[in-house]
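Taking it in order: structure first as structure tokens, then the write-up.
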Amino acid sequence: MTRSRTTILFLAAILAAGAGGYWAGQQGLAHPMLRQILPRLDEALLPASARPAPSGPVIYYRSPDGLPAYSAIPVKTADGRDFLAVHASEDVGFDEPSAEAATAPAPSRQILYYRNPMGLPDTSPVPKKDSMGMDYIPVHADEGEDTGTVKVALGKLQQTGVRTEIAARRSLVRPLRIPGSVQLDERRISVVTTRADGFINQVATVTTGERIVKGQALFQLYSPEITAASAQFLTDLGSGGRGGLTGGGRQRLENLGVPAEAIAELEHSRKVPLSMTWRSPRDGIVLQRSASEGMKAAAGDILFRLADISTVWVLADVPEYELGGIQPGALATIRMRSLPGRSFEGRVSLLYPEVARETRTIRVRIELANPDGLLRPDMYADVEIAAGDANEVVAVPDSAVIDTGTRQLVILAKGGGRFEPRTVETGDRGGGFTEIRNGITEGERVVVTANFLIDAESNLKAALSGMTSPEVTP
């Protein structure tokens, strides 16, 4: 008994809701969207023989099962059934028509010709079908007035998900990540050598890799040529020459590379020493030690090689196609693989003038302060350079640019389903945006997704390639 009562109450609620909806419709109280959908539902409830015949060209095909699956061309389901053709009269729109539009008679539009529905450069003066049975699309006189503008039904735009964005001014600085390595500053490397043959009597207790300071003793050298020049210098001093300049002894010592400290000691002691002391010309580390006690050193032999590592270089190879985005002074962040968690800041100081033939890269140089000596020569580095121009430029998303190979285009959204392809001149890229140097201005709205729909509607002829000509128009 309870179950029967529940069923009766449920049916009564349904009848009340239906009566209320009917009364609201008769009184004009239905929601605008319902006023658009209810006629479609009425048609769907009618028997197939009583429904109005669809009119207009086939605009797309939909799944026979009512699934959200669509196609621009005839296709079949997985089990072999054909997709259902949707004509222009069957496409559903959600824009509420104005009272004038609802009561005004449809304007008479002059048809100029019919074009191929698949965008092929084929026209006909009379209605016809293509090889797949699709109706040719009429081109009206008001459409022919602006061949560069494409009009797309709003229903299609909703189904395909066309999205637009506004062209705005942006800074296109982007991070460029490349590998690099630490190298010594060439200006901070010194070699210690002699300009005369001699013998090394004693070498300081410094080895490769140790730090030294400027003026620190390195080795003592006996050279017969330097000894003879020293004796001449003392003779010049004894003869009353001012500073030993009359006989040229001082000049000979300087020409032989004798340090100024050794010459001053000689002038003070007035004795020719058995050997001269050579000292470090700079602060740094010992990169190479070739001097050994008792060895003969020929003129020009490198006895010590020293380097100041308080400042080092990071050399990185930039691909040739990225060269336009790198400028001297660009900020660079360096991360060492052997020093995780630490980073070093520097700036690009030089772009080398040659391109590596094998790798098609250009080497850039970044100077880094290294007061703690953590950066060592030949360490691997991950380099991140701020490429691009920091000045703001008009830019659009990368997806908005259509590159045909010979030119670049963007599609402007002009409102009301109207679109206009526009040839543009592009510039730098960065952060997902492309600079537009010429063609559009700031504030114009461009299509960024579903560009294929606009391409198809433009017939790949009048809008994109400018192939429409009087000869194809009957």
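The values are calculated or read from the model by the stated rules, or taken from the named source; none is laboratory data. Predicted model only: the values in this text are computed from it and were never measured. Cβ atoms come from the backbone with ideal geometry, glycine included; neighbour counts cover every protein chain shown. What goes into the accessible areas is simple: the full protein's heavy atoms, side chains included, and nothing from ligands, DNA or RNA. Shrake-Rupley method; radii C 1.70, N 1.55, O 1.52, S 1.80 Å.
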What are the trypsin sites (Lys or Arg not before Pro) within segment 255-340 that DSSP puts in a loop, where the Cβ has at most 12 other Cβ atoms within 10 Å? 270, 271, 337
For segment 256-268, Karplus couplings with θ = phi - 60° (6.51, -1.76, 1.60), whole Hz, Gly/Pro x: 7, x, 5, x, 4, 5, 5, 5, 5, 5, 5, 5, 6
Debye calc, one equal point scatterer per Cα of segment 305-443, no solvent, log10 I(q)/I(0) at q = 0.16, 0.18, 0.19, 0.22 1/Å comes to -0.91, -1.04, -1.11, -1.30
If you take the Cα Rg of segment 213-349 and divide it by 2.2 N^0.38 Å, with N the number of residues, what do you get? 1.66
Divide the volume of the convex hull of the Cα atoms of segment 179-286 by its number of residues and quote the answer in cubic angstrom per residue. 118 Å³
Would you check the accessible area of residue 60, probe 1.4 Å, heavy atoms only, in square angstrom rounded to 10? 30 Å²
Share of alpha-carbon pairs per 5 Å distance bin for segment 270-357, given as whole %: 3, 8, 14, 13, 12, 12, 10, 8, 8, 5, 4, 2, 1, 0
